[in-house]
1. Here are some conditions: (1) modelled with pLDDT of 95 or more; (2) surrounded by 12 or more Cβ atoms within 10 Å (Cβ to Cβ); (3) over 30 Å from S641 (Cα atoms); (4) within 36 Å of the chain's Cα centre (by Cα). Y617 meets all but one. Which one does it not meet?
2. Quick one: would you say N811 is surrounded by 16 or more Cβ atoms within 10 Å (Cβ to Cβ) and in contact with a Gly (Cβ under 6 Å, 6 or more places away or on another chain)?
3. R373 fails exactly one of the following numbered conditions: (1) of a type in the set (K, R); (2) farther than 13 Å from D409 by Cα; (3) surrounded by fewer than 21 Cβ atoms within 10 Å (Cβ to Cβ). What is the number of that condition?
4. Looking only at the range 560-569, decide whether some residue is in contact with a helix residue (DSSP H, G or I) (Cβ under 8 Å, 6 or more places away or on another chain) and not hydrophobic (A, V, I, L, M, F, W, C).
5. Enumerate the pairs (first residue in the range 255-279 and free of Cβ contacts under 8 Å to residues at least 60 places away in the same chain; second residue anywhere and assigned to a loop (DSSP other than H, G, I, E, B) and of a type outside the set (K, R)) with beta-carbon separation below 6 Å, excluding pairs fewer than 6 apart on the same chain, so at least 6 apart or on different chains.
6. Surrounded by 21 or more Cβ atoms within 10 Å (Cβ to Cβ) and free of Cβ contacts under 8 Å to residues at least 24 places away in the same chain: does that describe L155?
7. I want to confirm something. Restricting to the range 475-506 and keeping residues that are more than 14 Å from L522 (Cβ to Cβ) and outside any loop (DSSP other than H, G, I, E, B), which single residue is farthest from the chain's Cα centre (by Cα)?
8. In the list L668, L642, which residue meets the criterion of being modelled with pLDDT of 90 or more, over 28 Å from the mean Cα position of the chain (by Cα) and either part of a strand (DSSP E or B) or more than 17 Å from V683 (Cβ to Cβ) (or both)?
Amino acid sequence: MYFRLSIKPAQIFTFCLALTALSAFTAGIACAQQFGGNPPTIKWQQINTPAAKVIFPTGMDSTAKRVANIIQQVNAATRSTLGNKQRQVSIVLQNQTTQTNGYVGLAPFRSEFYLTPQQNSLELGGIAWPDLLSVHEYRHVQQYNNFNVGLSKVLRTIFGEGGQALGNALSVPDWFFEGDAVYNETLVSSQGRGRLPWFHKDYRAMWAAGKNYSWMKLRNGSYVDFVPSHYPLGYMLAAYGRETYGDDFWRQVTLDAAAYRYGALPPIQKAIQRHSGKSYGQFREDALDYFKKQFNDNAPALAKNPKQHFVADQEFPAFIGEDTLVYVKFAYNQVPVFIIKANGYERKLSTRALANDRHFTYRNGKIAYAGYRADERWGFRNYSEIRILDINTSKEQAITRRTKYFSPDISADGKTIATVNVEPSGKRSLHIIDATNGSLLAALPNPQNLFYTYPKFYGNSYLLSAVRNPAGKMAITQIDIKSGRHEYLTSFTDHPLGYITVQGDTVYFTATEGKDDKLFALSLKDRKLFKIDHPAMESGIGVYQPAISASKIAWVSFTAYGNQIQQVDKSAIWSTEISPDIFNTPLPDYHINSLAASRAANLLSNISDSVFTVLPYSKGYNLFNFHSLIPEISDPNYKFSLRGENVLNTFRSDVFFNYNRNEGYKQLGFDATYGALFPYLSVGADYIFDRRVYSLRNQENVYWNEVNLHGGVQLPLNFTRGKKITGFNFGSDIYFSRNMYRGAYAVNNRNLIYLNNFATFSTRTQQAMQHIYPRWGQSIALNYKSGLNVSANQWLASGTFYFPGISTNDNLIMTAAYQQRGKNDAVGFSNNFPFSRGYTAENLHQLYKVGANYHFPIAYPDAGIGNTAYLLRVRGNAFYEHTRGHDFYANESKFSQNFNSAGLAVFFDTKFFNQQSLSFGIRYSRLLNDDYFGGKGRNRVELVLPVSIF
């Protein structure tokens, strides 16, 4: 038996380079950037300071000035703890999106603030969202500015900003980047995540359940167990380092690490050992133990079962009857679903649509929640629409369109809905809408510029809401629906509160008390405050999302197996009247005394207003902005690009070298795309060496070189809404091509002008974490190239169709493709036909293919080697592919040949250097026909590289 190992040196080199490039751009491009994401009607302005250029839409002046003031003053007070290097960063304020986020990235160096706050104040605190973004994200700017040293600086010199990103990603782990930024937000404010029980609950639950995971598992996560993110892990290590070794500790460690002063990978290990006097392992253990001891006095009485995996998150329970609950469920092997549970049995009601958060409300047989909708064209403009689900018929509809509504609540009579409205201008208000058609009935005034969370009806005349004021303090207010008048039921406090629900004349809510988030009740008649307790409330971390019926109370607590609903009789709980002064105490610092010792402590409450000049910002500023040398793999093309991108992400340019594996040609070129208009506009030029096609007529390869110029348009559309993720992209390019043949074929030299028309359509359902592919979906691509001045054409159609497999995480994927070029074409186009695996591909006159793939998980090892490579999942793929080709010999007789193959592949889903995901595989193909255009033997073993780096 003869085997051919189809792993070429160039492939191995590209694979290794791809791996490092992936790590390089972890911080810079993994943050859901949107190309051409804003409509051209938005006019941009700027505020320039030495630390930051704040770029913002017209009308957002006050927010931009606040951001500039915070950055200027916080930077002056905190940057010395990492170093004193400063390079101005561009910060773009995005006000069209409903998503809550922010990032700083290299390649290119910029930051974006997504300005819509989230509803849950217990997770991030009550700090005004632009303020929190400023102090957290600008810390990342300080990090990048100071980590451009040593080998990281050398890499930047050679590869641009992407080179520094690579050097920083391999030397300073993501846990430090985020942990240090969380420390900074906790330092300069009276809140910050480092003081919030919600932020620490993940590790508390894991410790309480006896989950003693390895360091690599804590760093890389799992497909079967809940593992906390690197944010709380990083905060504990960063805070412990500052507390134990002083404010200069991390400056010394990170500068040594980023410079690779001690050589080893990852260099932060040696740097920590050098400056702490402890091994890296001992430092980590001491840091985690330091925080673990903070919770020994009130560790929850969880049954310890280290072998139990993650079960599911059950959230936002609501009583349908005294013995029946409805809630939303999130499992690793299941997309979000609404569940009805009665007598201990769960019944799936409906799949939940796409949404920005997990909140929903229930009343009178109807569920209301805010669903996500993408704008058809502009990626930074999206919507949050109110959806109504009838639990009796399972019918669902969106009753509002293109709105920015959050946290709806249904009135007692079911006729109206109260919801939070957040406008792009930053204005926030409560809207009362019709529960049938979504029409606006009333917009309540908000003269104090409050941010409303989780509004609830109180009778027919009032609303209750947990609110944040501009200073970041929180209270519960009662709003008269008719007059809009506010009456505060609690005083404003630093203690986050939320998840309010009303039963009779009592409002229940969760608020932070000390190191815990606990349940409280406020009598609306006499304003008495009570703390609610029950032994079952100690079975998890925190008491969230209370639901009350006439005789029962339910809530959600966090465990190592997911958010779990608890339920007891109301008669079994006890209420203790307490003083409202309980919320006047400072939030806990978990014995991190360095938070109070710095001159930057609580600086956010004392930001002074400087006078800034507001200037227009030109959309054409620094369009070409070349920043990095980037490798890309999209088989059969292997490319190196000098990438350029402007700050507004509306213009991309590439100078590139490409190698095509199918034909063996080399290509030098330039491409540019402008995405700020509708449609995209693109231009480009390239020179191709050594193109080839096999001539059956002459039984030999024909070679030529080629010059191409092109320009075109494309229309990318996004129809994502409801329960489907859908995209449609179509366009056309016109090419001028000069073909220069070799040898006897030189007489065929000619100019070619042709059109390249294309269209792609894809739609799919949501995916759970363990799903390899969507359980339902399809992707269809059409391409037609047609000569305008010579006889030449080529048609390619391909489709991929996704179906559920036998087991929950299995997939059956069917593929089909058809390609045809003209019989007597004067020139040939590039061959992108997806040939049967294992064969040498040729561009024949006519090709068609059908295939079947079955994908299935094999194992979840959760195992790693030397803090370098971690294996999360092993999965398999069994396949069969049938390709048939037709062409013509020189005597016009017809050539027909089957190219059928079957085989198995094993894929490895890994993380490298404890942070960068990478999947690759080994594939065995058994050729069922001779490899007519290639090697001998019918067995092929191939290394399967990533389909695309980006």
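The values are calculated or read from the model by the stated rules, or taken from the named source; none is laboratory data. From a predicted model like this one, the values you see are computed outputs, not experimental measurements. Positions of Cβ are generated from backbone atoms using ideal geometry, with glycine treated the same way; all protein chains shown enter the neighbour counts.
1. For Y617, the exception is condition (3).
2. Values: surrounded by 16 or more Cβ atoms within 10 Å (Cβ to Cβ): yes; in contact with a Gly (Cβ under 6 Å, 6 or more places away or on another chain): yes.
Answer is yes for this residue.
3. Just one mismatch for R373, condition (3).
4. Of the range 560-569, the ones in contact with a helix residue (DSSP H, G or I) (Cβ under 8 Å, 6 or more places away or on another chain) are 560, 566, 568.
Subset that is not hydrophobic (A, V, I, L, M, F, W, C): 566.
Yes, because at least one residue in the range 560-569 is in contact with a helix residue (DSSP H, G or I) (Cβ under 8 Å, 6 or more places away or on another chain) and not hydrophobic (A, V, I, L, M, F, W, C).
5. K270/Y262; K270/A264; Q273/S279
6. Numbers: surrounded by 21 or more Cβ atoms within 10 Å (Cβ to Cβ): yes; free of Cβ contacts under 8 Å to residues at least 24 places away in the same chain: yes.
Against the criterion (surrounded by 21 or more Cβ atoms within 10 Å (Cβ to Cβ) and free of Cβ contacts under 8 Å to residues at least 24 places away in the same chain), L155 qualifies.
7. Top of the filtered list is D480.
8. Details: L642 fails: over 28 Å from the mean Cα position of the chain (by Cα).
When all the criteria are applied, what remains is L668.
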